[in-house]
Amino acid sequence: MTDEQGRVHRALRTLSAGNRTLLRARDEGTLLQDMCRVIVDHGYLIAWVGYAQHDEQRSIRPMSCVGLDSKVLEATPLTWGDTGLGLGPTGTALRTGRPVIGRNILNDPALGQWRDEAIVHGHAAISAFPLRIDGELLGNLSITAADADAFDEAEVRLLAELADDLAYGIANLRIRERHREAEKTIERMAYEDALTGLPNRLALCERLRAALDIARQAQRSLALLIVKVGGFGEINDTLGYRQGDRLLQEISARLAAQLADGVILARVGDDDFAVLLPGGGADDASRTAAELMNALRRPVDLGELTVDARGSVGVALFPGHGDDPEVLLRRASIAAYHAKRTAAGHALYAGSLDQDCTRRLALMGDLHRAIANDELRLYCQPKVAFGSGRICGAEALLRWQHPRAGLIAPDEFIKLAERAGLIRSLTRWVLEAAFRQAYAWQAAGQHRPLSINLSAQDLHDPALADRVRGLFATWGNRPELIQFELTESALMDDPEGARETLAQLKRMDVQLFIDDYGTGYSSLRYLQTLPVDAIKIDQSFVADMVANEDSATIVRSTIELGHNLDLSVVAEGVENQAIWDRLSALGCDTAQGFFVGMPVRIESLAEWEMQSRWHA
């Protein structure tokens, strides 16, 4: 066999072994090292792979080397620039993108740095092949041989094929790695909450199912707690989603800090967290719930302002309350809703709560239908002026005559509407009905103002002012015959935001009332700056003012305050002659209550007035 044939045979064996290496490769680092090892094992002296760096020096980062101490390469300022070491075969191959073949180390000036070591170790010629992935330059495969006339055309063709195969192998491994990372990301997204990093509902259900299996076998209990964060929707509406996210992250950190090792914390809804206590009973769960409530009670600093991190905790227990993950989650959530109405803020599930929740869920669905099918009814309660003793207006009141459940109290279905996101739909219905009735009165020559209640959510509705403006245009109502009432607590939830909404309404020349005054802790500063025309003293003070001197003092002070601020004063809860006489003596402007008149169907008000003591 001639030397030329021997070199071709060597290259063929190297290529064949290299292909087997590609098939076995599991990661990029191992592939590079094994490929360099194959090249040296089949007759070449040195094989190394470097990756081109796109830094200012155009450096080459050695990735793998066989036949030469890797520390030598790492200590050498390798470059693919057009000066110094960059003029050698490796630098030139990277810079030009073409193979550099058979450079003689013993007489090539650009390889002088390597000459002494080459003489000692018998190195004679070097070739460098660029590695490309999808046309982009990645790095080099450089090979050193012992004979100066190595790397003839046939041998180079085979080695170039080996370099291409190596680049393909690197690309294939990188694709596989990206797929693995994508799968990990998909799995993480499927089981992890992106905002808090906690397990999500799906992950919790799987862990809860496993914990239930263990608890059954060991005949042990476990507890599931649901933590509902209060005020999250309002913070999102008022401050934006970024601040809402900050609130949830802070709450997540607080809850985690309260829990021992082995306790699982998960985020299972927009503002719901779950805590799984393996082996926990009622006492353990109640103690943990109390600790979580204490953590929630501390205000949360959101930078621009500090908010109250209100919340509630519900507890469901295995086996007493269920043995299925979804059942326990649902019942713990029901208990958390109930806990909002308790002083402690946390509660154990009880069967009666489930019945109540089922009823409320059914009513929520019915309320959707009631709004869509115009099943609601508008009532009103008259107001009488103390000075004239005549009807001076009425407050629009919403009623729901359920076809099966009968008359449902407004307090109940208004709360249902808030939870179901229907409050704005209800407001739209009331606005339409009230404007239509005010038009009917106006057309009949009955100039009677009608006041309409707005909720805290209505104040955050950017379309409210435009909707009211459109109703005025549609019905042609005189502005002085339409009034709006907003509870003091709704105004104090966001007084700055409320001011803009009230200003838009006031520009339409309507009258604005603060309802339930005395219950919302409003400051005089806000009372002075809000564009309101009247205050309504809450009925809890008015109804008690004859028997309770403290209530009488509050009523008297409120009337004086209102008049000093040039505001009219309406007293709610006027239920008898004694209260009427007392208010009249104090100079109150308007009365509303059962003594004046019970709520009546709004279309019947004119007939009622004709038969009442207040008729002229």
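The values are calculated or read from the model by the stated rules, or taken from the named source; none is laboratory data. Because the structure is predicted, anything quoted here is derived from the model rather than measured. Cβ atoms come from the backbone with ideal geometry, glycine included; neighbour counts cover every protein chain shown. Areas reflect the complete protein model, heavy atoms only, side chains present, ligands, DNA and RNA absent. Shrake-Rupley method; radii C 1.70, N 1.55, O 1.52, S 1.80 Å.
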Checklist entry - What's the longest bit of the chain with no exposed GluC sites (Glu not before Pro), using DSSP loop states and at most 11 other Cβ atoms within 10 Å as the test? => result 305-616
Item to check | Charge dipole magnitude, Cβ of K and R +1, D and E -1 - the chain, Cα centre, debye nearest 20 | outcome: 960 debye
Item to check | Net lengthening on full extension, A463/S388 (0.36 nm per residue, minus Cα-Cα) | outcome: 23.2 nm
Checklist outcome for this item: Computed over the chain, protein heavy atoms only, probe 1.4 angstrom, the accessible area per residue in square angstrom equals 47 Å²
Checklist outcome for this item: Subtracting the Cα-Cα distance of Q219 and N576 from 0.36 nm times their residue separation yields 122.2 nm
Checklist entry - In the neighborhood of L106, defined by Cβ-to-Cβ distances under 13 Å, what is the net charge if each Lys or Arg adds +1 and each Asp or Glu adds -1? => result -3
Checklist entry - What order, most packed first, do the peptides 561-569, 212-220 have when packing is the mean number of other Cβ atoms within 10 Å of each residue? => result 561-569, 212-220
Checklist entry - For region 460-600, which whole percent of the accessible surface, found with a 1.4 angstrom probe, sits on carbon and sulfur atoms? => result 49 percent
Item to check | Value of [θ]222 nm, deg cm²/dmol, for the chain, DSSP H segments ≥ 4, -39500 (n - 2.57) each, nearest 500 | outcome: -15500 deg cm²/dmol
Next on the checklist: As an exercise, take the mean of 1/r over every pair of distinct alpha carbons in region 8-106, invert it, and state the Kirkwood radius in angstroms.
Outcome noted: 14.5 Å
Checklist entry - Over all directions, what mean area does the Cα convex hull of region 447-603 project, stated in square nanometres? => result 9.6 nm²
Item to check | Length-normalised contact order for the chain - Cα pairs under 8 Å, 6+ apart - percent | outcome: 7 percent
Checklist entry - Hey, with R₀ at 51 Å, roughly what FRET efficiency would K340 and D27 work out to, going by the Cβ-Cβ distance, to 0.05? => result 0.40
Item to check | DSSP bridge orientation in the chain - percent antiparallel, rounded to nearest 5 | outcome: 70 percent
Checklist outcome for this item: Over all pairs of different Cα atoms in region 100-202, the reciprocal of the mean inverse distance gives a Kirkwood radius in Å of 17.2 Å
Checklist entry - So, counting K/R as plus one and D/E as minus one, what does the shell of residues with Cβ under 12 Å around R448 add up to? => result 0
